[in-house]
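Participant: Structure below; questions to follow.
The values are calculated or read from the model by the stated rules, or taken from the named source; none is laboratory data. Fair warning: this is a prediction, and the values are worked out from it, not measured in the lab. No Cβ is skipped: glycine too gets one built from the backbone with ideal geometry, and neighbour counts run over all protein chains shown. Quick note on the areas: whole protein, heavy atoms, side chains included, nothing else; ligands and nucleic acids left out. Shrake-Rupley method; radii C 1.70, N 1.55, O 1.52, S 1.80 Å.
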Amino acid sequence: YRILMKTYILIDDDELIRMTWEYKAQASSVKLKTYSNVDDFLNEEVGVDRSSPIYLDSELGTVLGEDFVVELKKLGFEHVHLATGKEVSKITKNTQLFDSIGGKTPPF
């Protein structure tokens, strides 16, 4: 039998952040898929395991992570985290929908 590896998802419009996570994932033998915007993620979401941990940036162009979490929950995603450069105390919208709210350091 084979062990299924958990796939981490990062949605962040900052290329340097995505590259940092990709480097850290490779160094840690972690499976990671990154997206620069919510539309690219939504084009592939059908094939994404609903238990995959998703890390959202707060500011994704014209979309706020604090708003997009509602859509992710409607789609059945169980573990959504806000990974933001904003001061955590400034995040007040839909906070109860996130498993965690913190910085952009990769969790692996």
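Participant: So L75 clears everything in (1) modelled with pLDDT under 95; (2) touching a helix residue (DSSP H, G or I) at 6+ places or on another chain (Cβ under 9 Å); (3) loosely packed, with under 15 Cβ neighbours inside 10 Å; (4) within 23 Å of K31 (Cα to Cα) except one condition, right? Which one?
Facilitator: (1)
Participant: On to the next question. Looking only at the stretch 16-30, decide whether some residue is at positive phi and among the hydroxyl-bearing types (S, T, Y).
Facilitator: Checked against the condition, which is being at positive phi and among the hydroxyl-bearing types (S, T, Y), the stretch 16-30 yields at least one hit.
Participant: Restricting to the stretch 1-52, give me the number of residues that are of a type in the set (D, E, K, R), assigned to a loop (DSSP other than H, G, I, E, B) and more than 20 Å from L72 (Cα to Cα).
Facilitator: Going through the stretch 1-52 one residue at a time, the tally reaches 2.
Participant: Restricting attention to the stretch 1-22, and to residues there that are of a type in the set (F, W, Y) and open to solvent by 30 Å² or more (accessible area, probe 1.4 Å), which single residue is modelled with the lowest pLDDT?
Facilitator: Y1
Participant: Also, I was wondering about something else. Can you report the number of residues in the stretch 23-50 which are in contact with a Phe, Trp or Tyr (Cβ under 8 Å, 6 or more places away or on another chain), open to solvent by 50 Å² or more (accessible area, probe 1.4 Å) and either under 17 Å from V70 (Cα atoms) or β-branched (V, I, T) (or both)?
Facilitator: Qualifying residue count for the region: 1.
Participant: Scan the stretch 53-71 for residues that are of a type in the set (A, V, I, L, M), outside any strand (DSSP E or B) and crowded, with 18+ Cβ neighbours inside 10 Å and jot them down.
Facilitator: Listed by number, the list holds a single entry, V69.
Participant: Right, something else. Just one of T84, T95 is polar (S, T, N, Q), touching a Gly at 6+ places or on another chain (Cβ under 8 Å) and without any contact (Cβ under 8 Å) to a residue 60 or more places away in the chain; which is it?
Facilitator: Exactly one of T84, T95 is polar (S, T, N, Q), touching a Gly at 6+ places or on another chain (Cβ under 8 Å) and without any contact (Cβ under 8 Å) to a residue 60 or more places away in the chain, namely T84.
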